[in-house]
Every structure is written in structure tokens, then in C-alpha cells.
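Please read the structure below before turning to the comments.
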Amino acid sequence: DCNILDLGCGELLYAKKLANKITGEYHCVDTDEECELLVNKFNNHSSKKITFTTDYKNIKGVSNLTVLCTEVIEHIGITEAFEIINNIIENNDVNRIIISTPNKDFNVNYQMDGEMRRDDHIVELTKSQFQDVVFSNINMFGKYFMDGIGDTYKDIQPTSVVTIQKIN
């Protein structure tokens, strides 16, 4: 069974759905220390215990690791996001990475005041830009599956996602 690392775990959306379905460990990382309160609350009401840290460098030596990096890039930027992901790859046995980010191409379908969907976004990428950024920044050899998430409107989906599966 796999272990999961949830980068930018936020309100534990994935942890609440996945932690009890795996026999492996579930690790949460977020710079917001308030997330630790959510992890403690989860652990108080669940037989499965998840770990929390504000420093991704504390996650080392984990085998058979699946990394979730969903809706993080737009908040911290491309350089920092891929420094974190590549550090995780170098210090763990990563088998799968799932990365998602808003698809800027879809923004024309929103009535927005600014260029980005939310005020706390510092970057948004088109699907093509996202693909280029992933291929040029990930230090892992594997199969890449690019896709979109969400309702399709005018052949565009609101979220871009890539799954990278390590080739053994």
C-alpha cells in the first residue's frame, strides 16, 4: 500500500477522504500552522493518525510515496513549488506525483475584476504553459499523463492536472 504526502494540505480535503482508505502513512504539509489544529481534530476522531509539519524537509526516507500537490503552485510560484517537489523526490521513494493548478485558459468564462481568479494567486498558467513548466522542472523519470478537471466549456476545463507515474 502507498504512503501519501499532501503538500499544501489546507483544510484536509484529501486527508479526510483518503487517510482511512490506505494502510500506509498519511503526511500533511502546510505553512499555515492552523492546519495543525485540523490534523489534531482529525486524529482525535479517527483510528488512522496523520502527521503534520510546516516544513516539507521533515519528510525523508518514506517509501512508496504518492505526492499530492493540488492547487499549490498558484499560491507559492513555480520556482518554489518545483524546489519543494524535487526535494521530496530526492529524499524519498516517490512512485507517483499528482499536480493540479487552475487553467488560465478557462478564466475567460469568469466575470473577474483582475487577471487571476483569486487575490492570493501569484501565478496562473494556461494548460500549455503548465505542461511546459512540468516537463522542464520535474526531476523524475516516468510516464506523464496530462488532463483537465471540471466541467468542460468550449473545450476548456477549469483545472489542469498531471499525474507522473515512476517507471521501475
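See the values below:
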| quantity | calculated |
| --- | --- |
| Residue check for LYS60: open to solvent by 20 Å² or more (accessible area, probe 1.4 Å) and in contact with a Phe, Trp or Tyr (Cβ under 8 Å, 6 or more places away or on another chain) | no |
| Flag if ILE88 is in contact with a helix residue (DSSP H, G or I) (Cβ under 8 Å, 6 or more places away or on another chain) and touching a residue at least 60 places away in the same chain (Cβ under 8 Å) | yes |
| Filter result for THR126 (surrounded by 13 or more Cβ atoms within 10 Å (Cβ to Cβ) and under 21 Å from LEU18 (Cα atoms)) | no |
| Matching residues in segment 129-165 - criterion: being surrounded by 13 or more Cβ atoms within 10 Å (Cβ to Cβ) and among the aromatic types (Phe, Trp, Tyr) | PHE130, TYR144 |
| For GLU74: the one exception among (1) out of contact with any helix residue (DSSP H, G or I) (no Cβ under 8 Å at 6 or more places or on another chain); (2) open to solvent by 20 Å² or more (accessible area, probe 1.4 Å); (3) assigned to a helix (DSSP H, G or I); (4) in contact (Cβ under 8 Å) with a residue 40 or more places away in the chain | (2) |
| Test: residue in segment 104-121 that is within 16 Å of the chain's Cα centre (by Cα) and small (Gly, Ala, Ser) | no |
| For ARG117: the one exception among (1) modelled with pLDDT under 95; (2) in contact with a Phe, Trp or Tyr (Cβ under 8 Å, 6 or more places away or on another chain); (3) assigned to a helix (DSSP H, G or I) | (3) |
| Unmet criterion (only one of (1) in contact (Cβ under 8 Å) with a residue 60 or more places away in the chain; (2) touching a His at 6+ places or on another chain (Cβ under 8 Å)) for LEU68 | (2) |
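The values are calculated or read from the model by the stated rules, or taken from the named source; none is laboratory data. Quantities reported herein were computed from a predicted structural model and do not represent experimental measurements. Because the Cβ atoms are built from the backbone with ideal geometry, glycine has one as well, and the counts that use them run over all protein chains shown. The protein model used for the area step is the full one, side chains on, heavy atoms only, and it has no ligands, DNA or RNA in it. Shrake-Rupley method; radii C 1.70, N 1.55, O 1.52, S 1.80 Å.
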